[in-house]
Amino acid sequence: MKRLRPRRRSAPAALAVPAALAVAFLLLPLVGILTRTSWGEIAGHLTAPEVVEALRLSLYVSFWSLGLSLLLGVPLAWLLARVEFPGKALVRSLVLLPMVLPPTVGGVALLLAFGRRGVLGPWLEGAFGITLPFETAGAVVAATFVAMPFLVISLEGALGGLRPRYEETAASLGASPVRVFLTVTLPMVAPGLIAGAALTWARALGEFGATITFAGNLPGTTQTLPLQVYLLLQEDPQAATSVSLLLLVIAMAVLVGLRGRWTGSPPPAVASRPPAPEQQSAADAVPPAAASRTAAPPPSGERWSLRAEVTGFNELGLDASPGTTLAVVGPNGAGKTTLLRALLGLTPRAHAVLRLGADDVTALPPHRRGVAWVPQDGALFPHLSALGNTAYGLRARGVPRARARREAREWLERLGVGALAHRKPAEVSGGQAQRIALARALASRPRLLLLDEPLSALDQTTRARVRHTLRAHLAGFGGVCLIVTHDPVEAVSLADRVLVLDGGRVLQDAPPAEVTRHPRSPWVARMLGRNAWPGTATAEGLDLPGGGALVVAEPLPAGTEALAVIAPEAVSVHRERPGGSPRNVWSGTVREITASGSRLRLLVTSDEAPDLVAEVTPQAVAELGLADGTPVWTSVKATEVTVVRL
């Protein structure tokens, strides 16, 4: 069968013609150099003593300029990308200024700043004996002034695209800010750094205006290749063309080497080992021996309780004994992640007075608190293998390399992913990545473990498998673990207590069984799959906000704000108005039918009551002839309604 090629999109003539003219405009000067070059004499031109000397000086100046740009520009790029401070817009404008300023004006500005009669020139000469104008050092300063912005802009863009969670996770594993910068930030922005460095070097190599104005044109001292071209144009135009060709080739080589990193076009794809499939990889299935093992006890035998008072957006207190697992649940915006970040010391929105065991760690920076964090996607460092990721926290805490790798391998084995020790994060599946992230956190010997929806990105089968593994290893953890989750199964199966948040406040703090039986929040009730109707208690039951009423078997005192909880399976659905004992009967319309395991759930809307979810069998749906838009009657016995005081 003949394979059809995708049809190319043709450009409108109104755009194609000006675009072609623009390309011609940029290309013709290059064609001029190529056509006017004396190819038979190019070798002689490029090996002339004055050209060789200018080339040597250009390389010397450009590499020194690159080094100075890296020394000063990398911290400046990080500051602009990561820190908010007054005058940030002005500083960024100063970085961009040399790119739009005429080079000769830049040279004049340098002369007025660092010249013998400039602002700093006399002080530099008197205190250190340094004279910059008409010296090689002056040429380096001039090249750095015009070239460093390329490095800062490129690296700032790369840093801006790097989500801070990698650096925050590294800090939670015990890495100091400098270590995080050197071992996580720089490796992850290496393409942007290399691109900026290459452009900086190329720009420094071709600098002319600022150099000749500030440093002069002295052979062997400040006469670089661009200045040599300027002189040769007056004395030997053919030689000037040959040297210009050399500079053109160098510039094109830099651009080709960048492969689009500066221009925005994607680099060629690099083949890598595909991720191990979730269902087929032996490494993804937890061996029974590994699943039954619990986490290794702390080396010192210590166990750490948790006491925290959180203020700011969150206003709450936490008190948990060693080995406790708290599930933190609540609607979006309830303050769950803010709570974790407050305990880490990573957010200005909330402040935590935190005591772990006998130690008050409130004033300590994140890397010294002993609080490990596993964000939603695990935040495995992509440039490190699974073994390198797991050993990272141990190495940050000063454990020797061999011992750290040995302990890291043991943790990977405990969580059933030891066979993946030498794979990079891109080469493992989602379930495997989550177990590696958990191994990394536990291996760092934390006193408090924070898991932010660790299983949310996994499919149901993998989630159950990883949940089983997580439960086994939390059983032996010597500190307290907080798990943020939206999954009621996770909250019930993993936690000793469930902490319900809303608006940064605690609505309920109770064992999972109590929260399941008597949810204090409509959101939690719905998360558990129940109907939840807030209202005001009356002598017979509940007055609903929309004007309806609900009869209950055990009403609360009149006037009490309360929440009525109705299980979907307690709702009966009829095509005709039912008779008999039900005291709560409403007419409505089926608006949605969805599968829930082996049963079906109906969403019924009514003018007489809030939306109601009923759970029925497929056989009942068929017998009643239910479909979207079918008018029905629903009923709930008063004894099936649980009323909870809010």
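Any read-out appearing in this document is the output of simple, stated calculations on the displayed coordinates, not a laboratory observation. What you are looking at is a predicted structure, and each value in this text was computed from that prediction instead of being measured. Backbone-built Cβ (ideal geometry, glycine too); neighbour counts: all protein chains shown.
Below is a table of values for the structure above.
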{"quantity": "Estimated vicinal HN-Hα couplings, Hz - the stretch 507-514 in sequence order (Karplus 6.51, -1.76, 1.60; Gly, Pro = x)", "calculated": "8, 7, 9, 7, x, x, 4, 5"}
{"quantity": "Potential lengthening between residue 252 and residue 63 on full extension [0.36 nm per residue; Cα-Cα distance subtracted]", "calculated": "66.2 nm"}
{"quantity": "Estimated FRET transfer efficiency (residue 468, residue 186; beta-carbon r; R0 45 Å; 0.05)", "calculated": "0.75"}
{"quantity": "Overall form of the stretch 350-458 per C-alpha gyration tensor (a/c, 1.5; a/b vs b/c)", "calculated": "oblate"}
{"quantity": "Reference-scaled alpha-carbon Rg (2.2 N^0.38 Å with N residues) for the chain", "calculated": "1.34"}
{"quantity": "Prolate/oblate/rounded call for the stretch 116-238, Cα gyration tensor, a/c under 1.5 rounded", "calculated": "oblate"}
{"quantity": "Straight-distance crosslink candidates among aspartates and glutamates, where the alpha carbon sits under 19 Å from residue 88 and sequence neighbours closer than 8 are dropped", "calculated": "156"}
{"quantity": "Cα-derived Rg over Rh, computed across the stretch 529-645 with Rh taken as Kirkwood radius", "calculated": "0.97"}
{"quantity": "Per-peptide average of other Cβ atoms within 10 Å, ordering 441-449, 108-116 highest first", "calculated": "441-449, 108-116"}
{"quantity": "Span-rule helices in the chain, defined as complete DSSP H runs reaching 24 Å or more along the axis (Cα) with Kyte mean at least -0.5", "calculated": "13-36, 49-82, 136-161, 237-258"}
{"quantity": "CD proxy at 222 nm, helix term only [per DSSP H run n ≥ 4: -39500 (n - 2.57); per residue of the chain; nearest 500]", "calculated": "-13500 deg cm²/dmol"}
{"quantity": "The chain - share of DSSP beta bridges that are antiparallel (%, nearest 5)", "calculated": "75 percent"}
{"quantity": "Label-zone membership for the stretch 33-64, site residue 231, 7 angstrom Cα→C-beta point, backbone N under 14 Å", "calculated": "48-58"}
{"quantity": "Where labels lie 7 Å past Cα in the beta-carbon direction, separation of residue 176 and residue 598 in nm", "calculated": "6.2 nm"}
{"quantity": "Point-to-point label distance, residue 576-residue 360, nm (Cα→Cβ direction, 7 Å offset)", "calculated": "7.4 nm"}
{"quantity": "Modelled FRET efficiency - R0 35 Å, residue 611 with residue 426, Cβ distances, 0.05 increments", "calculated": "0.20"}
{"quantity": "Computed P(r) (all Cα pairs; the stretch 284-517; 10 Å bins; percent)", "calculated": "8, 34, 38, 18, 2, 0"}
{"quantity": "Those aspartates and glutamates that a straight Cα-Cα span of less than 17 Å connects to residue 424, excepting residues fewer than 8 apart in one chain", "calculated": "278, 284, 377, 413"}
{"quantity": "Neighbour-count ranking [beta-carbon atoms within 10 angstrom, fewest first] of 254, 119", "calculated": "119, 254"}
{"quantity": "Computed label-point distance, nm, for sites residue 383 and residue 48 using a 7 Å Cα→Cβ extension", "calculated": "4.4 nm"}
{"quantity": "Cα gyration tensor category, rounded, prolate or oblate, for the stretch 379-423 with a/c compared to 1.5", "calculated": "oblate"}
{"quantity": "Sites residue 34 and residue 116 - FRET efficiency at Förster radius 56 Å, r taken between beta-carbons, to 0.05", "calculated": "0.80"}
{"quantity": "Kirkwood Rh in Å, taken over all unlike Cα pairs in the stretch 51-258", "calculated": "18.4 Å"}
{"quantity": "Amide proton proximity set for residue 541, modelled H, under 5 Å, gap of 5+", "calculated": "552"}
